[in-house]
Structure formats: C-alpha cells, structure tokens
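One structure is given below, encoded as structure tokens.
The values are calculated or read from the model by the stated rules, or taken from the named source; none is laboratory data. A quick note: this is a predicted structure, and the numbers were derived from the prediction, not measured. Cβ atoms come from the backbone with ideal geometry, glycine included; neighbour counts cover every protein chain shown.
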Amino acid sequence: MEAIKKYFPDLDEKPLSQLAALEELYKDWNSKVNLISRKDIENLYERHVLHSLAIAKVFQFVEGSEILDVGTGGGFPGVPLAIFFPKVKFHLIDGTLKKIKVVQDVIEKVGIVNATAQQVRAEELKKRTFDFVITRAVAVMPQLKIWSQHLFKELEKNSMPNGLIALKGGEIQHEIKALPKGEYTEIYPVSDFFSEPYFEEKYVIYLQA
C-alpha cells in the first residue's frame, strides 16, 4: 500500500481503505482458487493493484464513462480502477465462472458500487457498448481488436477518443506492426510512472476504436 500512497498522494481515505481491504480478500480466495501465483500474491499491491493503476496515470475517465474489462481474471485491472474512479461504471467479464465468482465477492465485500462482473466472453457480449475496453495480459493486440471492435460507443465524452487500453509486457512492437495498416496507437512505458524494477518493459497501449 505504501507504493499506492507514494504515487497517488491525493487519494481520499475511502479509496485507500477499499484498496487496503483487497489483500485479505485475495489471500483468502487464493487459498481456495488458484488465481494468482504464490510469489505474486505476496506482491499483490505492486504486481496487480499498482500495475492496474498505471492506466490512471495516462487516462482520466470523465464521470459517467463506461469501461469494459475483458478477461479480468481475478479482477485486474478493473477492480483497482473502479475504486480509483468511483463515478465511472465498470463491467468486468471473464469466460471462467470461478474467477467471476471471486470478483463478484470482492466487489460486494469492498463495497464497490460502480462495478459489476459477468461470466461471458467479449465476442459473446451483445447489445452493450462502452467508451473504453481495458485488458491486461489477455491476448495479442490484433486479437484484442477483433474481440472488441463491436463494443465501442459511437459518441465520445472523454478527451481521448474511445478505444482499447491494454496493459502489456515484453516485446510489443511486433504486435503493433501486426495490426491492420492505418490503426492509431500510443505506447506509454509504465516505468515512466513507477520506478520499481518490475515495471521495466511494461506498457500501457492505447488503440483508437
């Protein structure tokens, strides 16, 4: 939690207390459902919570925005971002029911009233559209584009046009080059915001819808 306070010194008491409540919940669930590796659960705040909040260093979603977290797994990046942006609506989806049950329990027990979770795959989600689609370590960029292209609202309310925001690591240039010609992307190194060695070669990638 100290890293959260260091990088986000203006966070109010309520989101700080909600973020602090995540550790006990995730450790308890992780002992029943193998969501996170043992090494990573001991570094929950750095490798999952703070990593998720890298998106908040790049994007300031306006009140009333609707965000879809595709392949949320245990709730990342959607849960920390929903806490950080309490006036933004988040919908977290994953194809694995046991993971969604964990996310639903975390949302309820932490009191995150602006987030919902559903067992469904992105390509199966119908009749709902969003300002942004967020994701972390789910698939390569061309695949993410295919899954998400039917999910964006036509009208825009944020300073950045609607689009896909992906947390990615490693060699990402080949994924960017594999996108259809003419696609607009922006790449933000997470190490520009957070100094921990874990964030070297990790990026926030924006792909305009």
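Taking the conditions (1) closer than 13 Å to LYS109 by Cβ; (2) aliphatic (A, V, I, L, M); (3) free of Cβ contacts under 8 Å to residues at least 60 places away in the same chain in turn, ILE41 satisfies each one other than (1).
Only one of these is among the aliphatic types (A, V, I, L, M), farther than 19 Å from TYR26 by Cα and without any contact (Cβ under 8 Å) to a residue 40 or more places away in the chain: VAL70, VAL140. Name it. I'd like the intermediate steps shown before the answer.
Numbers: VAL70 fails: without any contact (Cβ under 8 Å) to a residue 40 or more places away in the chain.
None of the other options fit; the residue is VAL140.
Surrounded by fewer than 19 Cβ atoms within 10 Å (Cβ to Cβ) and under 15 Å from GLU46 (Cβ atoms): is that true of GLU171 in this structure? Spell out how you get there, then give the answer.
Values: surrounded by fewer than 19 Cβ atoms within 10 Å (Cβ to Cβ): yes; under 15 Å from GLU46 (Cβ atoms): no.
No: the conditions fail for GLU171.
LYS89 meets all of the listed conditions (1) without any contact (Cβ under 8 Å) to a residue 60 or more places away in the chain; (2) over 23 Å from SER17 (Cα atoms) but one, namely (2). For segment 192-209, the set of residues classified as in contact with a helix residue (DSSP H, G or I) (Cβ under 6 Å, 6 or more places away or on another chain), hydrophobic (A, V, I, L, M, F, W, C) and not in a loop (DSSP other than H, G, I, E, B) consists of PHE199, VAL204, listed by residue number. Here segment 148-191 is the region considered, the condition is being in a helix (DSSP H, G or I) and touching a residue at least 40 places away in the same chain (Cβ under 8 Å), and the residue that is farthest from ASP69 (Cα to Cα) is VAL190. Cβ separations smaller than 6 Å between residues 6+ apart or across chains give the following pairs from segment 73-86 residues that are farther than 13 Å from ILE41 by Cβ to residues that are of a type in the set (A, V, I, L, M) and in a loop (DSSP other than H, G, I, E, B): ALA82/ILE112.
Within segment 133-142, track down each residue that is of a type in the set (A, V, I, L, M) and either out of contact with any Gly (no Cβ under 8 Å at 6 or more places or on another chain) or in a helix (DSSP H, G or I) (or both).
First pass over segment 133-142, keeping only residues of a type in the set (A, V, I, L, M): 133-134, 137-141.
Residues satisfying the conditions are VAL140, MET141.
LYS145 meets the conditions (1) outside any strand (DSSP E or B); (2) within 28 Å of PRO15 (Cα to Cα); (3) at pLDDT 95 or above in every case but one. The failed one is (2). When residues in segment 131-141 are screened for being over 13 Å from PHE76 (Cα atoms) and either of a type in the set (Ser, Thr, Tyr) or surrounded by fewer than 16 Cβ atoms within 10 Å (Cβ to Cβ) (or both), 1 of them pass. Of all residues in segment 26-39, those satisfying the criterion of being under 17 Å from VAL103 (Cβ atoms) and surrounded by fewer than 19 Cβ atoms within 10 Å (Cβ to Cβ) are LYS27, ASP28, ASN30, SER31, LYS32, VAL33, ASN34.
Here is a check on your reading of the model: is GLU123 closer than 29 Å to GLU183 by Cβ, of a type in the set (Asp, Glu) and at pLDDT below 95? Yes: the conditions hold for GLU123.
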